[in-house]
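The values are calculated or read from the model by the stated rules, or taken from the named source; none is laboratory data. Quick caveat, the model's predicted, so the values are computed rather than measured. A quick note on method: Cβ atoms are made from the backbone with ideal geometry, for glycine too, and the neighbour counts reach across all protein chains shown.
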Amino acid sequence: DSSGSRGVSKITSMGELEAAVQYAMEFSPSKKVIVEEFIEGIELGALTFSVDGKMVYCFVHNDKVLKIVPVGHSFPSILPIERVERVQNECKKAITSLGIKNGPCYVDLIIDTNGIPFVIEVGARLAATKLPEIINLYSGIDLVALTVQLASGQKVECSPVTRSEAVAVEMINFDHDGIIKKIGDLSLLIQKYQPTDFELYLSEKQSIARLKSGRDHYGYVIFTGKSAAEAEKKCTQFLHELKKEILFQPLSMESI
């Protein structure tokens, strides 16, 4: 009942269970935890939008995951069309069974080694990590505007998807704890790569935390490309060079 994968951990033996339960408890408002089977496969997600009980849109995206935390998304899906349709059907079944008739819904899934999609989590909300923004770039559909219109009682006009532009976003995160000492001049980096969108939420003397959950992000970068893989590669290259411009002081030898 938290968010951003906070408190989630994977165990491989019963001896690790108690520590995992206590860790999860730290982030649980209800002080309850869920133990789930771990499914090997490809992690992906979908953002849906429904009107009057009909799922009008279901945008299936690729996920980039680090330490079981999603840090990036891209379109179009790398799955074959028949698997995309199967995922969309599972999403429709999930939101219907939950009685979600109007508005956005974010669905986390894993496709196992046999190609079977498993619904992991459903949230009746728009997604974070700039997913609505890249859906707009990918398809021309503004789910934020549609959600506001629906919530305010306006008539919602859901246009058909008429375009498909490859796009990717990756959040900025770190693998260490520390304090920012200096941020270099980023103008040449931005001029070199020309990202579609970029924000850095950092300043000198600011403390940073290594990636542990979906909240440990310090900005993002978005690129378009000829394919999802190309857009993802641009994000990775840009962030690799960006981190060279950020001088930090580690908090401990362990974090080094």
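Listing for the model above:
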item	result
Residue in region 52-71 that is out of contact with any helix residue (DSSP H, G or I) (no Cβ under 6 Å at 6 or more places or on another chain), surrounded by fewer than 22 Cβ atoms within 10 Å (Cβ to Cβ), modelled with pLDDT of 95 or more and among the β-branched types (Val, Ile, Thr) present	yes
Verdict on residue 143 being closer than 26 Å to residue 6 by Cβ, assigned by TED's automatic domain parsing to the domain that holds residue 235 and either within 24 Å of the chain's Cα centre (by Cα) or charged (D, E, K, R) (or both)	no
Residues that are within 30 Å of residue 248 (Cβ to Cβ), assigned to a loop (DSSP other than H, G, I, E, B) and in contact (Cβ under 8 Å) with a residue 40 or more places away in the chain, drawn from region 165-175	172, 173, 174
Of all residues in region 121-164 being outside any loop (DSSP other than H, G, I, E, B), among the aliphatic types (A, V, I, L, M) and out of contact with any Gly (no Cβ under 9 Å at 6 or more places or on another chain), the one that is surrounded by the most Cβ atoms within 10 Å (Cβ to Cβ)	134
Within region 176-216, tally of residues that are polar (S, T, N, Q), at negative phi and without any contact (Cβ under 8 Å) to a residue 12 or more places away in the chain	2
Candidates 234, 182 - the one that is surrounded by fewer than 19 Cβ atoms within 10 Å (Cβ to Cβ) and not in a loop (DSSP other than H, G, I, E, B)	182
Scope region 201-256; condition more than 14 Å from residue 177 (Cα to Cα), hydroxyl-bearing (Ser, Thr, Tyr) and within 20 Å of the chain's Cα centre (by Cα); matching residues	201, 220, 224, 227, 236
